[in-house]
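*Asks:* There's a structure below that I have some questions on.
Every read-out reported here was derived from the displayed coordinates using simple, explicitly stated rules and does not represent laboratory data. These numbers were taken from a predicted model, which means no experiment stands behind them. Neighbour counts are summed over all protein chains in view; Cβ atoms, including those assigned to glycine, are modelled from backbone coordinates with ideal geometry.
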Amino acid sequence: MSLYERTSAGIRPTVFGTWLALLFLVLPVTMVVPVSFTPQRYLSLPSGVWSLRHYDALITDPIWLRSIRDSLIVGLSSTALAVALGTATAIGCWRVSTRASEAIRMLMLAPMIVPAIVHALGFYQAWVQFGLIDTHLGLIAAHTMKGMPYVVITVSAALANVDLRLEQAARNLGANLWQTLRMVIVPAAMPGVAAGAVFAFVTSWDELVVNLFVTSRNVYTLPRKIWDGIQDNINPAVAAVATILILLTLAAMLVRFVQAKRQESAG
Amino acid sequence: MNWALDGTERTARAYWILVLVPLAALALFYLYPLAKVLWISVTVPRPGLGNFALLFTSSGIQRILATTARVCLITTIISLAVGYLVAYTALHVRKTHEAWILFFVLLCFWLSVLIRAFAWLTLLQSRGVVNTALMGWGWISEPLPLVRNEFGVVLGMVHYMIPYAVLPLYANMKGIDPRLVPAARGLGATPWGAFWRVYLPLSLPGIISASILVFIFSLGFYITPALLGGGKTIMIAEYIALQITDTLNWGVGTMLASTLLITVFLILAVMARIVDLRRVFGIR
């Protein structure tokens, strides 16, 4: 591979090891692509005949479509809420900056650190009490909590290099609090807000453990459907969904990669 | 600092509201549910520490804890070693090459955990891709037991955790002055000596951060062990779920969940003395 050519001699074995590791990371995942085209009813590599029947099943089976719809509803709503709450926390902590606010910011990270199974039990118990079990609202609330820490982190990082005196200057120039937030601080925090939104959405979109505990029939997300598809004798339609999700991830990564390259060459 | 804060008290109070509203949401929708878990663990089926006594008396539970500790330890060690190699290489090759290495690490990082466990299942199960191929070539006559055992679980977990090891290590190593190793070499150190006595100690904070992240995430891992362990290799998270869904044993389930929670925070408390946790989780 031409990639190796100009690396110095001492690093060569580690380069080889690294690409072996990357192969280990990527290769197993790519295997689901050929499997999704199997003409059989069970998971297998297609031999000779390739079939689209499992993709067809995705489009015609209303449960798959409904699960995507539910995942989008919950994902987008919880992302919006997590972004609002997380951004407010990060901005508040940035400006206040006392020991107490630092401690609160650490506390806000709890949903990211606590193992999912632990808060899944807690959500179940509390949601029974609040009447939120198996409702969209209930799942949105749980996912909002799980998304918030990522927004706090990314917005805090974006604000870390913003001078506190900027806020002071805006106020001295006659902006009220709302104007200062809207026209000065939030724009400065925007890259962090965007990154946090991506993290929060993906967290919700991928969440399974919490969903297993707080939803059943009424709210049925995509990971839940995939999980059930794996549990009952492994439906190859799961391979078709997996292929689509892998391609979407790859596409998003490539767009980001090209953007970063362009910014690099521009700056 | 004083200069920045000498704005009116009222302004500061307004910013406090920005902190307190999300905090209230967290208290009601997150901390309260967690408190309920802790509460149930000491009140169901009867008040007292009876559930926690099982940690010392039940051999079944001790076996689960031992499996969990073993799998997490092995996973952490392998992920760290591989992650270190990848992060180190990424920083010692040309820019384009580095970008490609990071691209593949991040691609894996963003892929759904469920899909990744599913891919391993497709490959490793008895009628899976690997066994079918090996039997087709006549290398084996019986399918190899590659999954539904500890091997499968560790494989899947290492696969999941490598990106979590690479990213903190990479961030840490990026801050190491690249002139130090050549300087050590110039002063007569062997390549290995320069690495061992200069580079490795400097990368220690990264190693600690990455180990904490990987170990803590592994401890409570549910999806990968449940799918690749296939009910044979059971770790604590799956065992907790079984207590609730199969036997409705909330006392034992919440006791183990509380134990898990307390363990995670104890590890963090100990680690907070060695490294700045805010840095580990990226808010500094």
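*Asks:* If you take each beta carbon of peptide B:70-82 and count the beta carbons of other chains within 10 angstrom, what is the mean?
*Replies:* Mean inter-chain Cβ contacts per residue within 10 Å come to 1.
*Asks:* Here's another thing I want to ask about it. Taking a virtual spin label 7 Å from the Cα of A:Leu247 along the C-beta vector, which residues in segment A:12-46 bring their backbone nitrogen under 19 Å of it?
*Replies:* The answer is A:27-40, A:44-46, whose backbone nitrogens lie closer than 19 Å to the label point.
*Asks:* Counting only Cα, what are the radius of gyration and maximum Cα-Cα distance Dmax of segment A:68-234, in Å?
*Replies:* Values for segment A:68-234 (Cα only, Rg and Dmax): 18.2, 67 Å.
*Asks:* Filter chain A for me: DSSP H helices, axial length by Cα at least 24 angstrom, mean Kyte-Doolittle hydropathy not below -1.0. List them by residue number.
*Replies:* Span-like helices here: A:12-30, A:62-96, A:136-159, A:186-206, A:237-266.
*Asks:* Next question. Can you pull the one-decimal nm distance between simple spin-label points at B:Asn149 and A:Arg66, each 7 Å off the Cα toward Cβ?
*Replies:* About 4.1 nm separates the two model spin labels.
*Asks:* At a Förster radius of 51 Å, what calculated FRET efficiency corresponds to the Cβ-Cβ distance of B:Ile140 and A:Leu177, to the nearest 0.05?
*Replies:* The pair B:Ile140/A:Leu177 has a calculated efficiency of 0.10.
*Asks:* Magnitude of the Cβ-charge dipole of chain A, K/R +1 and D/E -1, about the Cα centre, nearest 20 debye?
*Replies:* Taking the Cα centre of chain A as origin, the dipole is about 440 debye.
*Asks:* Which far-off residues, 5 or more places away or on another chain, put their amide H under 5 Å from the one on A:Thr215, with H placed in the peptide plane?
*Replies:* Here A:Asp134 satisfy the definition.
*Asks:* What ³J(HN,Hα) values, in whole Hz, does the Karplus curve 6.51 cos²θ - 1.76 cosθ + 1.60 give for segment B:105-122 when θ = phi - 60°, with x put for Gly and Pro?
*Replies:* Once rounded to whole Hz, the list reads 4, 5, 4, 5, 4, 7, 5, 4, 4, 5, 5, 5, 5, 4, 4, 5, 4, 4.
*Asks:* Additional query: Order by neighbour count: B:Thr43, A:Thr221, B:Thr190, fewest other Cβ atoms within 10 Å first, most last.
*Replies:* Fewest-to-most ranking of B:Thr43, A:Thr221, B:Thr190: B:Thr190, B:Thr43, A:Thr221.
*Asks:* Now for a separate question. What percent of all Cα-Cα pairs in chain B falls in each 5 Å bin, counting up from 0?
*Replies:* Per 5 Å bin, starting at 0, the Cα pair percentages come out as 1, 5, 9, 11, 12, 13, 13, 11, 9, 7, 5, 2, 1, 0, 0, 0, 0.
*Asks:* Of B:Ile236, A:Trp64, B:Leu277, which is farthest along the charge dipole of the protein assembly as shown in the positive direction, counting Lys and Arg as +1 and Asp and Glu as -1 at C-beta?
*Replies:* In the protein assembly as shown, that residue is B:Leu277.
*Asks:* Additional query: Can you run phi through the Karplus equation (6.51, -1.76, 1.60; θ = phi - 60°) for segment B:182-193 and list ³J(HN,Hα) in whole Hz, with x for Gly and Pro?
*Replies:* Values per residue, Gly and Pro as x: x, 4, 4, 5, x, 8, x, 6, 6, x, 5, x Hz.
*Asks:* Under a point-charge model restricted to the Cβ atoms of Lys and Arg (+1) and Asp and Glu (-1), what is the dipole moment magnitude of segment B:187-284 relative to its Cα centre, in debye to the nearest 20?
*Replies:* 420
*Asks:* Would you work out the charge dipole size for the protein assembly as shown about its Cα centre, treating the Cβ of every Lys and Arg as +1 and the Cβ of every Asp and Glu as -1, and quote it to the nearest 20 debye?
*Replies:* Its charge dipole is roughly 800 debye.
*Asks:* Still on this structure, I have one more. Rank-order A:206-214, A:139-147, A:95-103 by packing density, defined as the average count of other C-beta atoms within 10 Å over each peptide's residues, highest first.
*Replies:* A:139-147, A:206-214, A:95-103
*Asks:* Near the amide H of A:Thr98, under 5 Å away, which other amide H atoms are found, from residues 5 or more places off or on another chain, if H is placed in the peptide plane?
*Replies:* Amide H neighbours of A:Thr98: none.
*Asks:* Taking a label point 7 Å from the Cα of A:Val26 along the Cα→Cβ vector, which residues of segment B:108-150 have an amide N closer than 14 Å to it?
*Replies:* The answer is B:108-111, whose backbone nitrogens lie closer than 14 Å to the label point.
*Asks:* A follow-up question, please. Would you mind getting me the FRET efficiency between A:Val49 and B:Asp177? Use the beta-carbon distance for r and R0 = 41 Å, nearest 0.05.
*Replies:* Once rounded, the FRET efficiency stands at 0.10.
*Asks:* For n ≥ 4 DSSP H runs only, could you compute -39500 (n - 2.57) per run for the protein assembly as shown, divide by its residues and tell me the 222 nm figure to the nearest 500?
*Replies:* Rounded to the nearest 500, it is -23500 deg cm²/dmol.
*Asks:* Using θ = phi - 60° and the Karplus form 6.51 cos²θ - 1.76 cosθ + 1.60, what ³J(HN,Hα) does each residue of segment B:16-23 get, whole Hz, x for Gly and Pro?
*Replies:* Residue by residue, segment B:16-23 yields 4, 4, 4, 7, 6, 5, x, 4 Hz.
*Asks:* Right, next: What FRET efficiency, computed as 1/(1 + (r/R0)^6) with R0 = 22 Å and r the Cβ-Cβ distance, is obtained for A:Phe257 and A:Arg12, rounded to the nearest 0.05?
*Replies:* Plugging the Cβ-Cβ distance into 1/(1 + (r/R0)^6) gives 0.30.
*Asks:* Given the options B:Val252, B:Ser112, B:Trp139, identify the residue whose Cα lies farthest towards the positive end of the charge dipole of the protein assembly as shown (+1 on Cβ of Lys, Arg; -1 on Cβ of Asp, Glu).
*Replies:* Comparing the listed Cα positions along the dipole, B:Ser112 ranks first.
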